[in-house]
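The values are calculated or read from the model by the stated rules, or taken from the named source; none is laboratory data. Here the structure is a predicted model, which is why all the values come from computation and not from measurement. Neighbour counts are summed over all protein chains in view; Cβ atoms, including those assigned to glycine, are modelled from backbone coordinates with ideal geometry. Accessible surface is based on the protein model in full, side chains and every heavy atom, while ligands, DNA and RNA are left aside. Shrake-Rupley method; radii C 1.70, N 1.55, O 1.52, S 1.80 Å.
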Amino acid sequence: MKKAYKGNILFTKDINNLIAIKEGYLIVEGSKILDVVNEKPKDISNENIIDFKDNLIIPGFVDIHLHAPQINNIGLGVDMQLLDWLNKYTFPEETKYKNIDYAKKSYKKLINKLWENGTTSSVIFGSIYNNSNILLAELIEESGLKSYIGKVNMDRNSPDFYIEDTEYSLIDTENFINKLSEFKNVKPIITPRFVPSCSEELMTGLGELAEKYDLKIQSHLSENQGEVMWVKELHPDCKDYIDVYEKYKLLRKDKTVMAHCVLSNDREINKLKEYNVTVAHAPVSNGNLASGIAPIHKFLENNLNVGICSDISGGNELNLGKVLTLGETFGKLKWIEDNRLYDYLGTINYFYMATKGSGKYFENVGSFEKDYDADFLVIDDSNILDFNERTIEERLKRFLYNGNSNNIIKRYVLGKELRKPFSE
Ligand code: GUN
Ligand code: FE
């Protein structure tokens, strides 16, 4: 059945152009977008036209990299850099997810927050514990949100209390993959934590599983200087960090997402391009852990796809509107440090990255083009309207910079309105 949602419609098809249709109609058939039009559609009866009046309608946000078992650690340890932060704060917190009750409480809280912030699709790192990973998948499926979830693998250079036996790590991963074949909106993804925490045997096995089940892969790449030097020490035969992933067949063409890439050199960028890797840009996390500012302009010059992520809890902000505007701010600081040698990126470019850019990693997600998933948010920005006439593009920018999750009054996924998933 066809429905039309009336409002001020804003979305992107490419990184440079915002499409803004004042008082338009978003036409949805079942779970898919059919069209966006200016005129009231004649073939849809009045009861199937939902009038959101002067509100804004935008695609749901897509968080392309976050760590579910770090939700209770937001704001902790951000006075450290990556490797100390992992050891002192992150690994001890993730071990708590061995306890299924702790996992249940925490994951319900996380999913409520994703919903609240208008994140309709996400790509998630779980923990090493399958029971809580499967619980996370069940809870997300129940919520109606969409995601890829990975069972994290780590069998070396990790603390005694949070490390796996190689063989069991691979068996658990295969069990997790098989278990998730029963799910509709949640899919498994191969998730080596990062090179330092995965032995060669483990990486080989994960590459084989990815091939066997034709799966996507997520990991971290060139985030921090100490980490990059450590990878060099661990793999002196490899040309650089990404060469290790390539060696163990963990770069699958069109199917890989790598978080950060702050310190990626030109050779690494060429490899990202060769495998059409999506870069998960985590500006808030990169600021918090003093990792640096990723060269997003270079990735775009090389036609790489870039998505935006919260990277909770390296990042402290689940609201991707906030993350993308901070991405813009940091990008401009880098631009000025780089002597203004290229054009800097603006709000609309980052809005694209947080919707269609991240969404490209899914299929037909993050835009309002025909056959895209009908995932959208209704934004009531009346409390941030000012005393001037504003275009709807200006209103979008003011929502992103000046609004918050309270302005999101409705969330639709696959054409259905989602209510708050869990009671507090
Ligand atoms: N590298 C390896 N593990 C992690 C993690 O949990 N967060 C971030 N930001 N980087 C990592
Ligand atoms: Fe991360």
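What to note about this one:
- Percentage relative contact order, segment 116-173, counting C-alpha pairs under 8 Å, at least six apart: 35 percent
- Shown is the FRET efficiency for Lys105 and Asp160, computed with R0 = 22 Å from the Cβ-Cβ distance and rounded to the nearest 0.05: 0.25.
- Estimated from the Cβ-Cβ distance and a Förster radius of 51 angstrom, the FRET efficiency linking Lys420 and Tyr344 is about 0.85.
- For the pair Glu200 and Met80, a Förster radius of 41 Å applied to the C-beta separation gives a FRET efficiency near 0.90, rounded to the nearest 0.05.
- Note: relative contact order over the chain, using C-alpha pairs below 8 Å and six or more positions apart, is 21 percent.
- Cleavage-rule hits (trypsin sites (Lys or Arg not before Pro)) in segment 1-64: DSSP loop, at most 15 neighbouring Cβ within 10 angstrom: Lys42
- Were the residues from Lys96 through Glu174 laid out at 0.36 nm apart, the gain over their Cα-Cα distance would be 25.8 nm.
- Based on the reciprocal of the average 1/r between different C-alpha atoms, the Kirkwood radius for the chain equals 21.8 Å.
- Available extension along the chain between Asn406 and Glu246 is 53.2 nm, counting 0.36 nm per residue and deducting the alpha carbon span.
- Portion, in percent, of the accessible area of the chain that falls on carbon or sulfur, probe 1.4 Å: 46 percent
- 1.4 Å probe accessible area per residue over the chain, in Å²: 41 Å²
- Charge context of Lys216, other residues only, Cβ under 10 angstrom, K/R +1, D/E -1: +1
- In summary, segment 86-215 shows an alpha-carbon radius of gyration equal to 1.02 times the 2.2 N^0.38 Å reference for compact globular proteins.
- Computed over segment 38-119, the range of Cα coordinates on each principal axis works out to 61, 30, 18 Å, biggest value leading.
- Using θ = phi - 60° and Karplus 6.51 cos²θ - 1.76 cosθ + 1.60, couplings along segment 379-389 (whole Hz; Gly, Pro as x): 10, 9, 9, 4, 6, 10, 5, 10, 9, 10, 5
- For segment 188-201, 3J(HN,Hα) per residue [Karplus equation, 6.51 cos²θ - 1.76 cosθ + 1.60, θ = phi - 60°, Hz, x = Gly/Pro]: x, 9, 6, 9, x, 4, 6, 3, x, 9, 10, 5, 4, 5
- Which listed pairs, of Lys146/Lys360; Lys2/Lys360; Lys105/Lys179; Lys40/Lys360; Lys146/Lys416, have C-alpha distances above 18 Å, in listed order: Lys2/Lys360; Lys105/Lys179; Lys40/Lys360
- Applying a threshold of 23 Å to the alpha-carbon distances of Lys151/Lys322; Lys32/Lys249; Lys247/Lys271 flags Lys151/Lys322; Lys32/Lys249 as lying beyond it.
- Amide H partners (placed H, <5 Å) of Ile49, local residues excluded: Ala4
- Along segment 203-214 the Karplus relation, 6.51 cos²θ - 1.76 cosθ + 1.60 evaluated at θ = phi - 60°, assigns HN-Hα couplings of 4, 4, x, 5, x, 5, 5, 4, 5, 4, 9, 6 Hz to successive residues, with x for each Gly and Pro.
- Residues whose placed amide H lies under 5 Å from that of Ile189, excluding near-sequence neighbours: Ile149, Gly150, Lys151
- Spin-label model, Glu274 to Ser382: label points 7 Å out along the Cα-to-beta-carbon direction sit 5.7 nm apart.
- Taking only Cα atoms of segment 280-377, radius of gyration then Dmax in Å: 13.7, 42
- Ranked by how many other beta carbons lie within 10 Å on average, peptides 94-101, 300-307 from highest: 300-307, 94-101
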